[in-house]
Amino acid sequence: MICVSIGRGRHRHVIVEQQHLVDNGIRLVELRLDYLQGEVQVKRLLKDRPCPVIVTCRRKTDGGRWEHSEDARLRLLRTAIVEGADYVDLEDDVAAGVPRYGATKRIVSHHDFQKMPADLTHLHRRLASMDADVVKIAAMANHPTDNLRMLEMVHASRSPTVGICMGEIGVPTRVLGGRAGAPFTFATFNEDRALAPGQIGWRQMKEMYRYDSITPATKIYGVVADPVAHSLSPVVHNAALAAAGIDAVYLPFRVPPEQIDEFLSASARWPLTGLSVTLPHKEAVLRHASRVDGLVKAIGAANTLSFAADGIVAANTDASAAVESLAAALETDEQPSGGDGLGLKTAIVLGAGGAARAVAFGLKQRGIEVTVTSRTVERAQKIAAEVGCKVVDWSARHRMPFDCVVNATPVGMHPNVNECPYEKEHLRPYMAVFDTVYNPENTLLIKEARSVGCRIVTGVDMFVRQAAIQFRIWHGTEPPQHVMREALKRATASAKQPT
Ligand code: NAP
């Protein structure tokens, strides 16, 4: 069950939000009394409540906003119990002093905003011994395997237990709590106003992660990156999984570079079935692969892992996605690698990072003469040596005409939407222009190329295709690409952050 935390300054807003949630199928709400301004009217909030509630009043030391005396706080909690609140949240240092009364259930909680407790089992035993109906432990995750410790503790506990890792690293515990046996998880009413670090919005929890349909049989996929919060892969993959009726969930795993080895070594404990891989892990993950596909060998980087009984299989879907996107835009038939050059003889790739390398490789494989250019010429030279293509100075990128211009830099990406990596006056109607940036889809480069009459390929095309190839690899079935595309477009339209 999803419990939505409401933290508002006015009683009226709390009541309106609770009704809205109930109208949308939410069956448990946490009322955060510490957010209320003025005199807190517990009775008013509990009278005629449309669904069961947890009453919580958090001190500042526990991540809350309560500014008044501890006596006044405890009085409020006792009033909530007397008024018949369904649950009351009691921190472990006060729980023993607040006796059970009536039908109100006691959540005995422990918070640590710095780190995971060293001995979770011991802590759990101590909290459970305080006449707890539910034990709640919320601790800051500093390491991806903190998630596993927390979920394993929830799974092993004999009494109802909610275990949450806070922060960006801890998001998987919020989504997988029910799978481990937790009676509920916490989400926030408004995504932009999380009440605890890493808390996600209730719509996301309900509609994107489909929390209520996750069971122990649900397979776990995800994207591994650092940072990961901005990744749109969960949006795209979860939408496709839902549309295809596949019992799986796709999560964001934030894994710092120095922890990738430990994270992958622990894959069976989740257990993980498949991972998308992005910055900064595309090369490091190869140390763990027992098999790699031909493109991974050639490009030296993987963006897709599949966890099989006999080891980890690494693949790269970026190069194929880039070439497929171009092929579709140019209306040429897909041909096996080594076939024709999509009707293009020459291409210039702007940028010399991971995307540039994959695109340059894909184009080169089609027999296209590729030139790479980058602000940092050494990076372009490295790709040129690996892929077998030419290099021009960044300042000289307009000097020669090319059949195809590919932007593989972040120039033009939100919020810098007025920037363009290639001057319009050098665009010609016979050119194909491919911008790998997908947020926004219609970058300035794409708009200018369209106005000149060029054939265009957008980053959305490429992003959806690389996700679709991953989907085929993992699920062995045709992905609902229109669903993926729509989900990506909706997410980029509402995104406030660069991706
Ligand atoms: P990366 O490894 O960090 O490489 C970025 C490249 O862009 C570097 O060569 C960098 O040059 C250059 N660059 C950065 N800012 C620049 C600027 N202001 N002017 C000129 N050059 C600049 O990143 P990446 O993973 O290759 O990603 C690059 C872009 O591709 C991103 O915008 C990403 O959104 C997009 N992408 C799209 C897809 C898709 O499916 N559509 C997939 C992957 C990536 P220096 O070395 O000089 O810094």
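Can you give me the long-range amide H partners of Ile312? Hydrogens built in the peptide plane at 1.01 Å from N, cutoff under 5 Å, separation of 5 or more residues or another chain.
Result for Ile312 returns Ser290, Arg291.
Determine, from the Cβ-Cβ distance of Lys390 and Glu152 and an R0 of 60 Å, the FRET efficiency 1/(1 + (r/R0)^6), rounded to the nearest 0.05.
0.65
With only alpha-carbon pairs counted, each pair once and no self-pairs, how large is the Kirkwood hydrodynamic radius of the range 368-423 in angstroms?
Taking the inverse mean of 1/r over all distinct Cα pairs, the range 368-423 comes out at 12.2 Å.
Enter the Cα centre distance for the pair the range 154-181 and the range 1-58, rounded to the nearest angstrom.
Measuring centre to centre over Cα atoms gives 23 Å.
For the chain, what ratio Rg/Rh do Cα atoms give with a Kirkwood hydrodynamic radius?
1.05
At a Cα cut-off below 22 Å, give the lysines reachable from Lys47, other chains included and same-chain residues fewer than 8 away excluded.
Within the straight-line cut-off, Lys47 pairs with Lys105.
With a cap of 15 neighbouring Cβ atoms within 10 Å, and only residues DSSP puts in a loop, list the chymotrypsin sites (Phe, Trp or Tyr not before Pro) found in the range 366-454.
Hits after loop and neighbour filter: Tyr430.
Just add up the charged neighbours of Ser157: K/R +1, D/E -1, any other residue whose Cβ is under 12 Å from the Cβ of Ser157.
Here the charged neighbours net out to +2.
Round to a whole angstrom and tell me the spacing of the C-alpha centers of the range 373-439 and the range 189-246.
Measuring centre to centre over Cα atoms gives 34 Å.
Could you tally the net charge around Ala302, taking each other residue with its Cβ under 13 Å from the Cβ of Ala302, Lys/Arg +1 and Asp/Glu -1?
Taking every other residue near Ala302 into account, the sum is +2.
Please report, ordered by residue number, every helix of the chain (full DSSP H runs) that is 24 Å or longer along its axis going by C-alpha atoms and whose mean Kyte-Doolittle hydropathy reaches 0.5.
none
Per q in 0.15 1/Å, what log10 I(q)/I(0) does a Debye calculation on the alpha-carbon atoms of the range 333-457 return?
Values returned for q = 0.15 Å⁻¹ are -0.63.
Calculated from DSSP H runs of 4 or more alone, at -39500 (n - 2.57) each and per residue, what is the 222 nm mean residue ellipticity of the chain, nearest 500?
It lands at -10000 deg cm²/dmol.
Between Asp133 and Asn416, what is the FRET efficiency for a Förster distance of 45 Å, r being their Cβ-Cβ separation, to the nearest 0.05?
0.30
Under a Cβ-only charge scheme (Lys and Arg +1, Asp and Glu -1), can you give me the dipole magnitude of the chain about the Cα centre, in debye to the nearest 20?
So the magnitude is around 720 debye.
Kindly flag which residue pairs out of Lys297/Lys345; Lys382/Lys489; Lys282/Lys390 have an alpha-carbon separation exceeding 31 Å in this structure.
Lys382/Lys489
Read-outs: derived from the displayed coordinates by stated rules, not from any lab. Note that the structure is a prediction, hence the values are computed from the model and not measured. Neighbour counts are summed over all protein chains in view; Cβ atoms, including those assigned to glycine, are modelled from backbone coordinates with ideal geometry.
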